[in-house]
1. Run the quick spin-label model on residue 83 and residue 32: label points 7 Å from Cα toward the beta carbon, then report their separation in nm to one decimal.
2. Taking the Cα centre of the chain as the origin and placing charges on Cβ (Lys, Arg +1; Asp, Glu -1), which of 63, 26, 16 is farthest toward the positive end of the dipole?
3. Suppose every K and R has +1 on its Cβ and every D and E has -1 on its Cβ; what is the size of the dipole of the chain about the Cα centre, in Debye to the nearest 20?
4. How much accessible area per residue does the stretch 63-115 have, in Å², with a 1.4 Å probe?
5. Take residue 105 and residue 3, extend 7 Å from each Cα along the Cα→Cβ direction, and tell me the distance between the two endpoints in nm.
6. Could you please state how large a percent of the accessible area of the stretch 49-92 is carbon and sulfur, counting protein chains only and using a 1.4 Å probe?
7. For 88, 46, give me the order by solvent-accessible area with a 1.4 Å probe, most accessible first, ignoring ligands, DNA and RNA.
8. Run the numbers on the chain and let me know its relative contact order in percent, using alpha-carbon pairs under 8 Å that are six or more apart.
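The values are calculated or read from the model by the stated rules, or taken from the named source; none is laboratory data. Just so it is clear, the model here is predicted, and its values are computed rather than measured. All Cβ positions, glycine included, derive from the backbone under ideal geometry; neighbour counts span all protein chains shown. Surface areas here come from the heavy atoms of the whole protein model, side chains and all, with no ligands, DNA or RNA. Shrake-Rupley method; radii C 1.70, N 1.55, O 1.52, S 1.80 Å.
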Amino acid sequence: QVQLVESGGGLVQPGGSLRLSCAASGTIFRFYAMNWYRQAPGTQRELVASITRDGSTNYADSVKGRFTISKGNPKNTVYLQMDSLNPEDTAVYYCNGLFPGANYWGQGIQVTVSS
């Protein structure tokens, strides 16, 4: 059973930075793509950033220039570097992994931007 585990969330002041990590375990396969989504209270879950196996990236307009998604080691690990955070970035962030034949989600991690 594939599991995705997020870490690195928490409380940060406006203008600050956080780095989220997502580690996938329980599979020998490399991911096709890994995505970060977020969901604030009363809103729909939205796609924030994506990275493919070959390293191609894509970002929501609201985070372009502030967030960076990257692959890490060991394999099937991705990071989301979040800089210049503002209160509108407050949400539960979810890692999503597309693997051969399946789509997996992490449990979510809270990010709160507040003074």
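1. 3.3
2. 26
3. The dipole magnitude comes to about 320 debye.
4. On a per-residue basis, the stretch 63-115 sits at 45 Å².
5. The two pseudo-label positions are separated by 1.8 nm.
6. 47
7. On the way: 88 140, 46 75 Å².
From most accessible down to least: 88, 46.
8. Contact order relative to length: 37 percent.
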